[in-house]
Every structure is written in structure tokens, then in C-alpha cells.
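Contents: one structure, followed by commentary.
The values are calculated or read from the model by the stated rules, or taken from the named source; none is laboratory data. Since the model is a prediction, treat every value here as computed from it, not as a measurement. Glycine gets a Cβ as well: all are built from the backbone with ideal geometry, and neighbour counts include every protein chain shown.
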Amino acid sequence: MNVEWLLLALAPVFLLCVAWEAWWCQRRGLAYYGLRDTLCNAALALLHQGADKLAWVFVLPVYAWVYQHHRLLELAPGWASFLLLFLAQDFLYYWFHRASHRVRWLWAAHSVHHSSTRMNFSTAFRQSLMYPVAGMWLFWLPLAWLGFPPQQVVGVVLLNLAFQFFVHTQTVPRLGWLEKVFNTPSIHRAHHACNPCYIDRNYAGVLVIWDRLFGTYVDECDSEPCRYGTVTPVNSYNPLIVTFHAWRALLQDLIRARRLGEAVQVLFGPPEATERRPPAPVRDRP
């Protein structure tokens, strides 16, 4: 089955989950949703989808060239090769996600996803149209080099991201032994939190084993409730301001750089200089 058709079929499921969660929260008086925030998420999703589709037009031929001329392995189609592709892509996703928090150039794109002060299913839609410019696609290039066909690479990337929709919620409690292996809402809530104890933790896509293996795992703690958003708030519901807020700050710092070393640090160093200041008051209200 074509993965894009599968995702198209899942679209109503995603929307129903958003509608159910918003209703559930409203019935209990929980301010997990805000109309302007949700509309901003939807607009960002549409911008991201347009940029993503355009990017694949240019990126797929690059994957195809690497696959046709430089692949290392001849992999027979089947469940074994799919499992290997799934594990390899999820491993690379961990490193992409980790780099997106530790390299400012990548954080400029990824910070959009973290910029909401709310955590709900619609937050999963909050993505940046600048991911192709930042170079997200480069992290999947080794899959074509290993010997996986480009369409399969795209398919497993999309499946990984589809799974991650379901971890963006506060309505699901901890899930016991599953959290030893899989990313869950509790694990991802800690990832989205801007509390110092949670920052730059829990980079998992589907499998949390990478965080446990590489020392980036942290539990969500009842004594430290999660506060959401970036440490330097955007304080806007305009999707273009949200998209380019971090890029503007990066450009300003780049212009101020007096030496090549400073410019390189601005582009590829960690984002602490602008993203680790004490949080300002958030204007978002239900």
C-alpha cells in the first residue's frame, strides 16, 4: 500500500482526535486548547506541507542518484528489509532531532514546533516550512546509500512522523512498561517542556531505546509539572512570525559577528545564546 494514501486515510483520524481532545478538555475546564493557537498550528501545517511536497521534487532525484550509483547493499524486498529500514530511519531520526536542538541552524527551523505554550494533538501539526532549507533531508540520505529505494525511504519517514502525532497530548497518562521501548505521550511531554530539567531530552521518534542508550532520557516528574514553549517566547499567533522568528535572531547575530569563527559559532553552535534566557510572561489565554 502506498504510504501517502495511508496517511491520507489517517487524516480524518488525526482531525477526530483533535476534535475529541478539545471537547474532552472543554468539558473538564482544562485550558489545553486556545482558538488562535490551534488556528496558527493549522496554518503552519499547511505551509509545511506545501514546502515539503516541493522539496521532495528536488530531493528524490538526489536519493535516486545515490541509490542507483553508490548503494552498498542489494536488499531483497520483504519484512526483514522493512524492519531494518524502520530501525535505521528511527536511529537517524534520533540524531536529526538531537542535532536540531544542539545546532542553531537546525534549531531555527525546529523551534517552530516547540513555540506553542500548549500541548495537545494539534501541536503535532505545528511544523516549519524551513525544514528543507535547514537540511532535514540530508539525515535520510544514508538510507539510500545503504541500499533502500527512495520511495521506501520517504514512506518510512512519513510513517515515523505519523506515529508521533499520537504522543502530542496531555490526556494520556504514563504507559508503564511500554515506556521502556516506545516513545509515549509522557515521554514526549517532557521533551516539549522548557523547564531546565527537561530541556534537550527525550529525542525519540518511535523508539525511546536511543535516548536510554545515549543518555538523553528523562522521566516526566509529578513534582516538576511541564511548562511548554521555547525559553525565549515568540508571543505571536502569526504563522509567518512564528516561522521566521528564530531565523531573524540568527541573522541579526550573524551580521554582528566580527570574525569567521564567530559566524560559524552563530550558525552551527548551540542555541543557548538566544534560547536559554528566563521565560517572559506568556499572553496566550483560552
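Can you find, within the range 171-186, the residue that is modelled with the highest pLDDT among those that are of a type in the set (Val, Ile, Thr) and closer than 20 Å to residue 30 by Cβ? If you could, list the steps in order and put the result at the bottom.
First, the residues of the range 171-186 that are of a type in the set (Val, Ile, Thr): 171-172, 181, 184.
In the following step, the residues that additionally are closer than 20 Å to residue 30 by Cβ were identified as 171-172, 184.
Working: 171: 95, 172: 95, 184: 98.
If we take residues in the range 171-186 being of a type in the set (Val, Ile, Thr) and closer than 20 Å to residue 30 by Cβ, then 184 is modelled with the highest pLDDT.
Would you mind listing the helices (runs of 4 or more DSSP H) fully within the range 94-166 where at least 3 residues are within 15 Å of the chain's Cα centre (by Cα)? It would help to see each step written out before you state the result.
Values: elements: 104-114, 131-134, 141-146, 150-165.
Output list reads 104-114, 131-134, 150-165.
Of all the residues that make up the range 231-251, how many are over 14 Å from residue 117 (Cα atoms), touching a residue at least 12 places away in the same chain (Cβ under 8 Å) and not hydrophobic (A, V, I, L, M, F, W, C)?
4
Do the conditions hold for residue 45, that is, is it without any contact (Cβ under 8 Å) to a residue 24 or more places away in the chain, more than 17 Å from residue 140 (Cα to Cα) and either among the charged types (D, E, K, R) or out of contact with any Asp or Glu (no Cβ under 6 Å at 6 or more places or on another chain) (or both)? Walk me through how you get there before you give the answer.
Details: without any contact (Cβ under 8 Å) to a residue 24 or more places away in the chain: no; more than 17 Å from residue 140 (Cα to Cα): yes; either among the charged types (D, E, K, R) or out of contact with any Asp or Glu (no Cβ under 6 Å at 6 or more places or on another chain) (or both): yes.
In short, no.
Mind telling me which of the residues 75, 54 ends up being surrounded by 11 or more Cβ atoms within 10 Å (Cβ to Cβ) and over 30 Å from residue 133 (Cβ atoms)? Break it down into steps so the answer makes sense when it comes.
Working: 54 fails: over 30 Å from residue 133 (Cβ atoms).
Exactly one residue qualifies, and that residue is 75.
State yes or no: is residue 60 more than 17 Å from the chain's Cα centre (by Cα), part of a helix (DSSP H, G or I), surrounded by 20 or more Cβ atoms within 10 Å (Cβ to Cβ) and of a type in the set (A, V, I, L, M)?
Taking the combined requirement at face value, the residue does not satisfy it.
Within the range 39-87, can you find the residues that are of a type in the set (Gly, Ala, Ser) and touching a helix residue (DSSP H, G or I) at 6+ places or on another chain (Cβ under 9 Å)? Even if it seems obvious, please write down each step before you answer.
Residues of the range 39-87 that are of a type in the set (Gly, Ala, Ser), as a first pass: 42-43, 45, 50-51, 55, 64, 76, 78, 80-81.
42, 43, 45, 51, 55, 64, 81, listed by residue number.
Of everything in the range 212-232 that's in a loop (DSSP other than H, G, I, E, B) and in contact with a helix residue (DSSP H, G or I) (Cβ under 6 Å, 6 or more places away or on another chain), which residue is surrounded by the most Cβ atoms within 10 Å (Cβ to Cβ)? Steps first, answer last, please.
We begin by selecting, within the range 212-232, every residue in a loop (DSSP other than H, G, I, E, B); these are 215-227, 229-232.
Cutting the leftovers down to in contact with a helix residue (DSSP H, G or I) (Cβ under 6 Å, 6 or more places away or on another chain) gives us 217-218, 220, 226, 230-232.
Working: 217: 18, 218: 17, 220: 21, 226: 17, 230: 24, 231: 20, 232: 20.
Going through the qualifying residues, I end up with 230.
Take the conditions part of a helix (DSSP H, G or I), of a type in the set (Lys, Arg) and surrounded by 17 or more Cβ atoms within 10 Å (Cβ to Cβ) and apply them to residue 189. Does it pass? Full working, then the answer.
Numbers: part of a helix (DSSP H, G or I): yes; of a type in the set (Lys, Arg): yes; surrounded by 17 or more Cβ atoms within 10 Å (Cβ to Cβ): yes.
In short, yes.
Does residue 235 satisfy the condition of being surrounded by 14 or more Cβ atoms within 10 Å (Cβ to Cβ), part of a loop (DSSP other than H, G, I, E, B) and modelled with pLDDT of 95 or more?
Details: surrounded by 14 or more Cβ atoms within 10 Å (Cβ to Cβ): yes; part of a loop (DSSP other than H, G, I, E, B): yes; modelled with pLDDT of 95 or more: no.
Answer is no for this residue.
What are the residues in the range 72-86 that are farther than 19 Å from residue 162 by Cβ and modelled with pLDDT of 95 or more, if any?
Within the range 72-86, just 84 meets the criteria.
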